[in-house]
Each structure stands twice: as structure tokens, then as C-alpha cells.
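See below for the structure under consideration.
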Amino acid sequence: MTKKLYRSNSEKMVGGIFGGLASYFEVDATFLRLIFVILLFTPVQPSVRLPLQKHEVKP
């Protein structure tokens, strides 16, 4: 039997997206929502530079 990814009709907190993902991965939807909120407020490190940016010449 193949798994299908779908929007949940019973877990509709955020449009059913996390409910559908939770049923697909067989985890609790609250866990996925919590992970999403934590990642949403996690800052991105602006000090990380790409290798091409190291050789920029400043005027």
C-alpha cells in the first residue's frame, strides 16, 4: 500500500497542512507545529559568507 500526502480534514489548525504531514509521517501534528514555530523564530547567521564573497574588492 502506498502512502498519500494530503491535507487533513480533522486537524485544520493551519489549513490541515500539518495534520496531513503528521498522518503521513505518523507523528503528532502538535510536534510538527512546534518545530515550525521554533524554526520560524530562529535567526539566520548573517556573518556566514559564501566563498565568492571573500574576494570582493572594496572601493
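Among the residues examined, Val14 does not qualify as surrounded by 10 or more Cβ atoms within 10 Å (Cβ to Cβ), modelled with pLDDT of 85 or more and assigned to a loop (DSSP other than H, G, I, E, B).
Please work out which residue is most open to solvent (accessible area, probe 1.4 Å), limiting yourself to segment 35-53 and to residues that are polar (S, T, N, Q) and at pLDDT below 85. Steps first, please.
Of segment 35-53, the ones polar (S, T, N, Q) are 42, 45, 47, 53.
Now narrow it down to the ones that are at pLDDT below 85: 45, 47, 53.
Numbers: Gln45: 122, Ser47: 90, Gln53: 74 Å².
Here the answer is Gln45.
The values are calculated or read from the model by the stated rules, or taken from the named source; none is laboratory data. Treat the numbers as computed from the prediction; the structure is a model and nothing was measured. Virtual Cβ from ideal backbone geometry, glycine too; neighbours counted across all protein chains shown. For accessibility, only protein heavy atoms count, side chains too; no ligands or nucleic acids. Shrake-Rupley method; radii C 1.70, N 1.55, O 1.52, S 1.80 Å.
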